[in-house]
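Visitor: This is the structure I want to talk about, given as structure tokens.
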Amino acid sequence: MLIFNTTFLVSDKVHGAWIKWVHEKHIPFMLDSGFFSLPQVAKIIANEEQEGTSFSVQFHVLNMDMLILWNNEYGAVFQESFSQMFGTEALFFTTVLELLEY
């Protein structure tokens with residue numbers, strides 16, 4: 001099992017619109033694709049002062065093959081719609097985390 005993490009840096013100008021988007025559009029879009037489960041949204045607590053607020057949005061995905069398949073099918077659509085909606089007022093990067101047994 002993997003965690004697909006997207007870290008967003010959201011300017012204060014679009015903070016409210018971003019929060020609404022993540023709950024009403026982004027999470028349903030990701031879940032409706034059938035590839036992801038267990039969404040989580042967290043505010044990142046930063047030690048340094050920054051413009052805007054950082055958030056982590058995470059989903060569980062079965063394996064890397066599923067993530068690649070999703071990216072091939074939906075990745076460009078996500079990037080384009082996000083860019084049109086927020087321009088440079090919200091930026092993001094993704095990371096993949098592997099859950100380890102302990």
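Visitor: What is the residue count in the stretch 15-35 for residues that are surrounded by fewer than 18 Cβ atoms within 10 Å (Cβ to Cβ) and more than 21 Å from HIS60 (Cα to Cα)?
Guide: Residues that pass the stated criteria total 4.
Yes/no matrix, rows are residues, columns are (1) in contact with a helix residue (DSSP H, G or I) (Cβ under 9 Å, 6 or more places away or on another chain); (2) farther than 21 Å from LEU2 by Cβ:
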| residue | (1), (2) |
| --- | --- |
| ASN47 | no, yes |
| GLN50 | no, yes |
| SER54 | no, yes |
| GLN58 | no, no |
| LEU67 | no, no |
| ASN72 | no, no |
| PHE82 | yes, yes |
| PHE92 | yes, no |
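Visitor: When the residues of the stretch 71-102 are narrowed to those that are more than 21 Å from PRO28 (Cα to Cα) and touching a strand residue (DSSP E or B) at 6+ places or on another chain (Cβ under 7 Å), which ends up modelled with the lowest pLDDT?
Guide: It comes out as LEU99.
Visitor: Considering only the stretch 61-100, how many residues are surrounded by 11 or more Cβ atoms within 10 Å (Cβ to Cβ), in contact (Cβ under 8 Å) with a residue 60 or more places away in the chain, outside any helix (DSSP H, G or I) and not aromatic (Phe, Trp, Tyr)?
Guide: Final tally of qualifying residues: 10.
Visitor: Another question, then. Within the stretch 43-60, take every residue that is surrounded by 12 or more Cβ atoms within 10 Å (Cβ to Cβ) and farther than 14 Å from LEU9 by Cβ and give me the one that is farthest from the chain's Cα centre (by Cα). Before the answer, list the steps.
Guide: Here is the first cut: in the stretch 43-60, the residues surrounded by 12 or more Cβ atoms within 10 Å (Cβ to Cβ) are 44, 52-60.
Within this subset, residues satisfying the condition of being farther than 14 Å from LEU9 by Cβ are 58-60.
On the way: GLN58: 6, PHE59: 8, HIS60: 12 Å.
The selected residue is HIS60.
The values are calculated or read from the model by the stated rules, or taken from the named source; none is laboratory data. In this text, all values refer to a predicted model and were calculated from it rather than measured experimentally. Reconstructed Cβ throughout: ideal geometry from the backbone, glycine too, with neighbour counts over all protein chains shown.
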